[in-house]
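Asker: Below is one structure. I have some questions about it.
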Amino acid sequence: MTPLEQLSVSDVVANPVLAEVIRSGFVESRHRGSIVALTHDGLFAFTAGSANTPVYPRSANKPLQAAAMLRVGLPLEGELLALAAASHSGEDYHARGVNDILDTAGLTAEDLQCPPALPIDEATARRLIRETPDGVAPESRVLYNCSGKHAAMLVTCIVNDWPTETYRSPEHPLQVHIRRTIEELAREPIAAVGVDGCGAPLFALTLGGLARAFRALVLAEPGSPERKVADAMRKFPEWTSGTTRDENKLMTAIPGLLLKGGAEGVDAFALPDGTAAAVKIDDGNARARTPVSVAILAMLGAQPPVELATAEVTGGGQQVGVIRATRLS
């Protein structure tokens with residue numbers, strides 16, 4: 001048991017409630033979390049909860065990883081660069097794109113070291129299950145949501161004559177370079193190193209560091225690796241998530257918005273003037289993420305779609321309530 005004097009403030013003081021689940025007019029559940037928002041000049045606009053506690057950004061790190069790879073010669077642009085920074089839905093065009101990335105270096109799906117999976121997109125997954133012959137697994141490494149990142153990592157290794165067999169090791173030259181780039185963009189040291197769901201190294205940051213890194217991407221000089229990633233993601237948002245995903249809808253609706261979600265309730269985003277924010281839902285439930293991010297965007301002066309401010313709560317096949325952000329100010 002940890003002595004009380006060794007506990008930090010964040011260990012003994014609960015983060016505020018950021019979202020509520022309302023069912024039939026009754027508050028059924030609450031989601032606590034933390035937020036850091038930055039003004040266009042990089043100062044703190046507002047915070048909620050423990051702003052200095054490191055978190056694993058999960059897939060919100062992907063744009064930073066893609067920028068690091070561009071710095072050392074990753075030869076991707078446009079849709080394929082957006083896919084390198086994606087948590088894609090496994091739709092047909094995503095799968096073709098991952099194979100196109102692998103083709104640039106003479107690689108195949110067998111070289112990927114992410115796990116096999118079904119697509120996130122439910123319609124595509126159901127179709128593949130129907131069409132796959134009996135006795136054959138419909139899952140594949142290409143369909144894993146991080147496969148674009150893994151394909152880009154492999155190509156970056158080929159370009160630099162680095163070994164491909166160990167590209168997921170934190171000590172590999174690729175991962176050392178990615179770590180240093182993330183630290184530079186976040187302007188803080190990595191707080192911890194873990195293993196992401198896809199098996200690649202996962203670098204922990206504070207929410208402030210994550211917001212600063214996204215701010216750096218949108219404010220970078222045109223043509224720089226960082227700006228190329230931001231521009232590709234903003235031009236092709238369906239490639240960074242999927243045709244039906246909230247991330248795509250938000251970036252399509254808000255001019256110049258760069259946004260990337262991560263597992264366990266993480267969102268990070270920046271507007272073209274450098275205003276930026278990052279959010280972490282304590283219990284990791286993704287359902288609270290979009291309503292909270294929409295509320296933050298509105299507070300920062302953007303005009304997010306009203307329909308994304310809440311998520312449906314259903315009962316008997318009909319809407320009986322909503323998931324909504326609480327008052328954040």
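The values are calculated or read from the model by the stated rules, or taken from the named source; none is laboratory data. Since we're looking at a predicted model, the values are computed, not measured. Don't worry about glycine lacking a Cβ; one is built from the backbone with ideal geometry, like all the others, and counts go over all protein chains shown. The area values use the complete protein model at the heavy-atom level, side chains included, leaving out ligands, DNA and RNA. Shrake-Rupley method; radii C 1.70, N 1.55, O 1.52, S 1.80 Å.
Asker: Return the sequence-ordered ³J(HN,Hα) values of the range 230-245 in whole Hz as given by the Karplus equation 6.51 cos²θ - 1.76 cosθ + 1.60 applied to θ = phi - 60°, using x for Gly and Pro.
Answerer: Result, rounded to whole Hz: 4, 5, 5, 5, 6, 7, 10, x, 5, 7, 8, 9, x, 5, 10, 7.
Asker: Between A298 and E171, what's the calculated FRET efficiency when r is the beta-carbon distance and R0 is 41 Å? Round to 0.05.
Answerer: FRET efficiency, A298 to E171: 0.40.
Asker: For R32, list long-range residues whose amide hydrogen, built 1.01 Å from N in the peptide plane, is under 5 Å from its own amide hydrogen.
Answerer: Sorted by chain and number, the residues that satisfy this are L18, D282, D283.
Asker: In debye, nearest 20, what is the charge dipole magnitude of the range 26-85 about its Cα centre with +1 on Lys and Arg Cβ and -1 on Asp and Glu Cβ, if you could check?
Answerer: In total the dipole reaches around 240 debye.
Asker: Just the accessible area per residue of the range 185-329, please: how many Å² with a 1.4 Å probe?
Answerer: It amounts to 38 Å² per residue over the range 185-329.
Asker: How fast does the range 23-96 diffuse by Stokes-Einstein, in µm²/s, taking the Kirkwood radius from C-alpha pairs at 20 °C and 1.002 mPa s?
Answerer: This corresponds to a translational diffusion coefficient of 133 µm²/s.
Asker: Right, something else. Dipole size in debye (nearest 20) for the range 172-213 around its Cα centre, Lys and Arg Cβ +1, Asp and Glu Cβ -1?
Answerer: 80
Asker: Also: Ignoring ligands, DNA and RNA, please state the percent of accessible area on the chain from carbon and sulfur, probe 1.4 Å.
Answerer: C and S atoms contribute 50 percent here.
Asker: OK, next. State the answer as a single residue: which of L174, G274, I254 lies farthest towards the positive end of the charge dipole of the range 126-275, with beta carbon charges of +1 for Lys and Arg and -1 for Asp and Glu, about the Cα centre.
Answerer: I254
Asker: On to the next question. Test of understanding: extend the Cα→C-beta vector of R23 to 7 Å, then name every residue of the range 308-329 with backbone N under 20 Å from that spot.
Answerer: From the range 308-329, the list is 310-326.
Asker: Test of understanding: given the chain, find the longest segment containing no GluC sites (Glu not before Pro) that are in a DSSP loop and have at most 10 other Cβ atoms within 10 Å.
Answerer: That gives 1-164 as the longest site-free run.
Asker: Consider just the alpha-carbon atoms of the chain and return their Rg together with their Dmax, both in angstrom.
Answerer: Values for the chain (Cα only, Rg and Dmax): 19.7, 61 Å.
Asker: Report the charge-dipole magnitude of the chain in Debye, nearest 20, computed about the Cα centre from +1 at each Lys and Arg Cβ and -1 at each Asp and Glu Cβ.
Answerer: For the chain, the charge dipole is close to 660 debye.
Asker: Per residue, how much accessible area does the range 69-169 show when a 1.4 Å probe rolls over the protein heavy atoms, in square angstrom?
Answerer: 45
Asker: In what sequence, highest mean first, do 41-54, 140-153 appear when ranked by Cβ atoms within 10 angstrom?
Answerer: 140-153, 41-54
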